[in-house]
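The values are calculated or read from the model by the stated rules, or taken from the named source; none is laboratory data. Since the structure is predicted, the reported quantities are computational estimates derived from the model, not experimental observations. Here the Cβ is made from the backbone with ideal geometry for all residues, glycine too, and neighbour counts use every protein chain on show.
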Amino acid sequence: MSRSLKAEMEMRGREDIEMGRDITPPIPPLSYSLHDSFLLSHCSACFSPLPLRPTFPHIPLPLPHLLSYCSPRCSTSDSPLHFSSAEFHLLRSYPSSFGESSDLRAALRFLYSLPASSGSVPNGRLAGLLTNRDKLLARTGYDEELVERIRDGARIMAAARKMREGHVAPEQNDFVLEEAALCLVLTNAVEVQDDSGRTLGIAVYGPSFSWINHSCSPNACYRFFLSSPPPCCSQARLRIVPGARHGLETQKESGVCSISEFSYGEMSENNGPKVVVRSIKRIKKGEEVTVAYTDLLHPKEMRQSELWSKYRFICSCRRCSSSHLTYVDHILQEVSPASRQSSSLLSGQDIYIDGAIESLTDHINDAITEYLESGESESCCKKLEDMLTQGLLYEQLGGREEKSQPVFKLHPLHYLSLNAYTTLVSAYKVRASDLLTLYSGTEEHHLEALDLSRISAAYSLLLAGATHHLFQSEPSLIASVANFWMGAGESLLTLASSSVWSIIVKRGLPATNLSYTLSKYICSKCSLMQKFRAILHHGEAQSTDLENISSEFLDCVTNITQKVWGFLIHGSQYLRVVKDPIEFSWLGTSKDSSTRDIQPHLRSSAVVSYHGDEGSFSVCEAHKCIFQTNYETYQKFYVLSKQLLINLSCSLGNFIRHLFKAVKI
Ligand SMILES: C[S@@+](CC[C@H](N)C(=O)[O-])C[C@H]1O[C@@H](n2cnc3c(N)ncnc32)[C@H](O)[C@@H]1O
């Protein structure tokens, strides 16, 4: 091993780079594998969903097929690797008790592709990539479960490799190389997601991607291409260069070295998902390029613990090392006791706050897991909304019954609240679609389904507004915000264009002219896109430009949202206390607040008004109308809301297309 391979590697800007630029061409993987649960539904070579009649491996196998391919081309190029890497042998004899096999399979494929000249460097690097084996198996910070998984996994891999060579799985003691490859996969592999954000499998890329370090306030993000990337991406060039963190003697001044010094280069074949890195901030020449290895919407302590258990390092980025918790990190973990009479803690009650956080976390996570595993959408909505609305009583945490019983509630911007909103968006959508499938004939069920879609859209708007609020203090959240706005725009547009509206119209009111409303609204108010396009065109986008455009966008969307929010949240116990899903001053929080004096102010008595262009209704009025079947008012309320929804989704659409598309992952 060359001395320089011991250096910690990083990637830096080769030149000044504006935000929203692809800074690598599409990079093919060195190794990849689908997660076990997708082996029967997706192509093992390109990760696309399988057609009705998938192609099986083109090699004659004596046993049932273990992988499937979408086309003979994918099969021809991938199935020899499946067999020769011993992935086939591993799957055939895999102990089901060992759980997920994708990391072991990716490690086998990696080892097979490794040129003989790479030699054996189990504690250092393989093909230029850090194995981290010494740290992952070290005594300090010893994680018994992880060490056992690495050791047993390596033994299973080694046995499969022996079987491929024709030996009948002999007892082995030496599987150092397999251990190193597995550690390398754990350290360098990234989760590959499809367009809808589903994690399909994992992939390991060469140094130009894998040498990019982590930051909790990164300046780059990445996205995957399962099929061929569009020509604009394919033409992107590599605008980053490697550098060494410590002690590279050669080229020490610039700290820059060549990738080929360390690696055998990127795989040239066309298989597997390709990755493209994009700048989300301006990057100066020579500045380190970083991406996020963990969820940036998790609070600091949680991010630190995830990074330690997976990679064994303590993050010292700007966000983690600031002397006070940043506003975003504070709010993401805020649980406050709120007594019915006073919002301050009585003496002795603060000891329950940790217990409250733990219990709230368990309740919310249990409801989400149950939904994901069993698909029980109705009970999931109830459990999550009950927990968000009522919180936990002091008494439930073991405290004495008090006259003014304090209640521990999650802040509406707590990371668990955001997780709950994400789940509620999906669960309400599923409930609406189930209702339409089961009772396709009746008008009442159609109306009920529209109501469920309405609540789903409200949660997606709240999610986008909440993350946008956080993004104003932490610009690296832009990729998450872009995805949430996109989701909100899509939900609102789907709601506005639902065929169920025709039932309301059928009951007496003239149909609104959708295309007229669209043409009336599009771009007449919103010049944001031209501004942003012009800035990007001149290649001078600064974070202040983004801030200005972002706040103009918020003004524009807030204005319409105020008019339609009452309609969207009607009937939801939790959402009715959210006075505004975009402008959060009603919480009494601001990004300038000192971190200790923030209290959630959920007011259960809040009445949200709906001010349509043609008059105003309170939600209560609308509610009454519905039950009195005063159809005229009911219809007016709905039709006006529909127009506003269309306006809102158009406004979001404009913004998303022209601002966030520039940086969207
Ligand atoms: C995918 S590699 C990144 C490239 C790596 N620095 C190298 O030399 O090959 C991931 C490993 O880099 C190191 N690393 C990444 N980000 C880091 C950070 N912010 N602070 C400290 N170490 C980091 C950790 O050792 C981690 O396991």
Does the stretch 237-254 hold any residues that are surrounded by 14 or more Cβ atoms within 10 Å (Cβ to Cβ), modelled with pLDDT under 50 and not polar (S, T, N, Q), and which are they? Leu248
Sole residue being touching a residue at least 40 places away in the same chain (Cβ under 8 Å), among the β-branched types (Val, Ile, Thr) and touching a His at 6+ places or on another chain (Cβ under 9 Å), chosen from Ile455, Ile478: Ile455
Hey, any hits in the stretch 283-291 for a residue that's free of Cβ contacts under 8 Å to residues at least 40 places away in the same chain, more than 13 Å from the ligand (Cβ to nearest atom) and not in a loop (DSSP other than H, G, I, E, B)? no
Scan of the stretch 402-436 for residues that are of a type in the set (S, T, N, Q) and at pLDDT below 85, ordered by number: Ser404, Gln405
Taking the stretch 193-205 and keeping residues in contact with a strand residue (DSSP E or B) (Cβ under 7 Å, 6 or more places away or on another chain) and surrounded by fewer than 23 Cβ atoms within 10 Å (Cβ to Cβ) leaves Gln193, Asp194, Thr199
Among the residues of the stretch 186-210, what is the count of those that are over 19 Å from Gly272 (Cβ atoms) and over 19 Å from the mean Cα position of the chain (by Cα)? 0
Which of the residues spanning the stretch 20-41 are touching a Pro at 6+ places or on another chain (Cβ under 9 Å) and crowded, with 24+ Cβ neighbours inside 10 Å? Pro29, Tyr32
Tell me which helices (runs of 4 or more DSSP H) are completely within the stretch 468-576 and hold 2 or more residues being at pLDDT 55 or above and surrounded by fewer than 19 Cβ atoms within 10 Å (Cβ to Cβ), or say none if there are none. 478-496, 501-506, 528-537, 543-569
Please verify whether the stretch 191-203 includes one or more residues that are in contact with a Phe, Trp or Tyr (Cβ under 7 Å, 6 or more places away or on another chain), within 16 Å of the ligand (Cβ to nearest atom) and over 22 Å from Pro95 (Cα atoms). yes
Single match in Leu111, Leu126, Leu104 (criterion: more than 28 Å from the chain's Cα centre (by Cα), within 22 Å of Leu39 (Cα to Cα) and modelled with pLDDT of 90 or more): Leu111
In this structure, is Ala449 in contact (Cβ under 8 Å) with a residue 40 or more places away in the chain and either over 30 Å from Asp555 (Cβ atoms) or outside any helix (DSSP H, G or I) (or both)? yes
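Here's the yes/no breakdown for (1) closer than 24 Å to Leu416 by Cα; (2) part of a helix (DSSP H, G or I):
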residue: Lys281; (1), (2): no, no
residue: Arg303; (1), (2): yes, yes
residue: Cys315; (1), (2): yes, no
residue: His324; (1), (2): yes, no
If we keep only residues of the stretch 212-229 that are within 16 Å of the ligand (Cβ to nearest atom) and assigned to a strand (DSSP E or B), then the residue surrounded by the fewest Cβ atoms within 10 Å (Cβ to Cβ) is His214
